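Reading through the structure tokens given below for one structure.
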Amino acid sequence: MDAICEQIIPADGYPGASQAGVVNFIDLQLTKSYRKYRDAYRKGIAGVDAASRRAFGKPFAELPSDRQTEILTAMSDNRDEFFELIRTHTMQGFYGDPRHGGNRGEVSWKMLRLPNPPVRGRMPYERIAG
């Protein structure tokens, strides 16, 4: 999963999905609100590895980056449901609020030069003296 997420958001001058803790985010959410996607992840990861072994004789995580990109590009071009799912969750983990387990160190917000976005219902209020 880490190799897939890192291909979706690779490190460049800024941290990628791995450094941002995207897999941690997905793992945590699979025990909560993404619980219904557990089987899709099991089958999807097995499918990516099977495609990798068929095409290149190795598990996906052991392939060089360009070969990993080939496999994921083919999945994207074919509108593969698992690829769409993991891409969406990767983006959520990278750009979302760190309190959900991803965006470690607020790396995506820093990259975009965003101040910490306010969380609805959690705005600081000034205390008014009575």
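Values in this text are rule-based calculations from the coordinates and carry no lab data. All values reported here derive from a predicted model rather than from experimental measurement. Using ideal geometry, Cβ is built from the backbone for each residue, glycine included, and neighbour counts are taken over all protein chains shown.
Tabulated values for the structure
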read-out: Degrees between helix 65-77 axis and first principal axis of the chain (Cα, 0 to 90, nearest 10); value: 80
read-out: Range in the chain, longest, excluding exposed trypsin sites (Lys or Arg not before Pro) [loop by DSSP; at most 14 other beta-carbon atoms within 10 Å]; value: 33-78
read-out: Degrees, to the nearest 10: 81-95 long Cα axis against longest axis of the chain; value: 30
read-out: Shape of segment 1-53, Cα gyration tensor, a/c cut at 1.5; value: oblate
read-out: Residue-averaged [θ]222 nm for the chain, counting only DSSP H segments that reach four residues, each worth -39500 (n - 2.57); value: -16000 deg cm²/dmol
read-out: Gyration tensor over alpha-carbon atoms, the chain, equivalent ellipsoid semi-axes in Å; value: 34, 17, 11
read-out: The chain: angle of helix 38-56 to the longest principal axis, Cα-based, in degrees nearest 10; value: 40
